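Single-structure report; data block below.
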Amino acid sequence: MHIRNICTGSKHKHNFRRMIKSLLVQSFGGKCCCCGYEKSLCSLTFHHLQPEEKEFTIGKIRLTEEDMEKLISEAKKCVMVCNNCHAEIESGITKVPEDCICFNEKKFRKSLKEILKDVL
């Protein structure tokens, strides 16, 4: 069964997107790499380290298997930050720490496989 087949209806798509974001956040260490914020999934976002390499906004990707590969490729270009730190980075007030946790692709793929196994 394909991912798109388990995500019919807007409620299912919303829940699946939220689940994917949660997996992504955990694959980045579960918190803002600048200040350590970890309270709300909604307040965490993906900051592209090289804006010129950004192909799309991670939160706006469709839910198909081929797009999951694009999502992983895009996540590798990012770090996890909270909305406040993201705004400060974009305005030049804050810099991304050198020791920031990068995307753990292996952890993401393993978690995704486990979730999909439970759903299918």
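Determine which single condition Val79 fails, assuming it passes every other condition in (1) in a strand (DSSP E or B); (2) surrounded by fewer than 13 Cβ atoms within 10 Å (Cβ to Cβ).
(2)
Please verify whether the range 33-56 includes one or more residues that are more than 18 Å from Ile101 (Cα to Cα) and touching a strand residue (DSSP E or B) at 6+ places or on another chain (Cβ under 8 Å).
Checked the range 33-56: at least one residue is more than 18 Å from Ile101 (Cα to Cα) and touching a strand residue (DSSP E or B) at 6+ places or on another chain (Cβ under 8 Å).
Among the residues of the range 27-52, write down those that are farther than 22 Å from Arg17 by Cβ, modelled with pLDDT under 95 and surrounded by 13 or more Cβ atoms within 10 Å (Cβ to Cβ).
Step one: list which residues in the range 27-52 are farther than 22 Å from Arg17 by Cβ, which gives 33-36, 49-52.
Imposing the further condition that a residue be modelled with pLDDT under 95 reduces the set to 49-52.
If the condition is that a residue be farther than 22 Å from Arg17 by Cβ, modelled with pLDDT under 95 and surrounded by 13 or more Cβ atoms within 10 Å (Cβ to Cβ), then Leu49 is the only one that fits.
Would the range 19-26 turn up any residue that is of a type in the set (D, E, K, R), surrounded by 11 or more Cβ atoms within 10 Å (Cβ to Cβ) and at pLDDT below 85? First the steps, then the outcome.
Pass one, the range 19-26, residues of a type in the set (D, E, K, R): 21.
Within this subset, residues satisfying the condition of being surrounded by 11 or more Cβ atoms within 10 Å (Cβ to Cβ) are 21.
Imposing the further condition that a residue be at pLDDT below 85 reduces the set to none.
No, the range 19-26 contains no residue that is of a type in the set (D, E, K, R), surrounded by 11 or more Cβ atoms within 10 Å (Cβ to Cβ) and at pLDDT below 85.
I need a count of the residues in the range 64-92 that are among the β-branched types (Val, Ile, Thr), under 18 Å from Ser43 (Cβ atoms) and either over 15 Å from the mean Cα position of the chain (by Cα) or at pLDDT below 95 (or both).
1
Of the numbered conditions (1) touching a residue at least 12 places away in the same chain (Cβ under 8 Å); (2) not in a helix (DSSP H, G or I), Ile72 satisfies every one except a single condition; which is it?
Going through (1) touching a residue at least 12 places away in the same chain (Cβ under 8 Å); (2) not in a helix (DSSP H, G or I) one by one, Ile72 breaks only (2).
Could you grab me the full set of residues in the range 91-120 that are assigned to a helix (DSSP H, G or I) and in contact (Cβ under 8 Å) with a residue 40 or more places away in the chain?
Within the range 91-120, Glu105, Lys107, Phe108, Ser111, Leu112, Ile115, Leu116, Val119 meet the criteria.
The values are calculated or read from the model by the stated rules, or taken from the named source; none is laboratory data. Note that the structure is predicted; figures quoted are calculated from it, not measured. Every residue, glycine among them, receives a Cβ derived from its backbone with ideal geometry; neighbour counts consider all protein chains shown.
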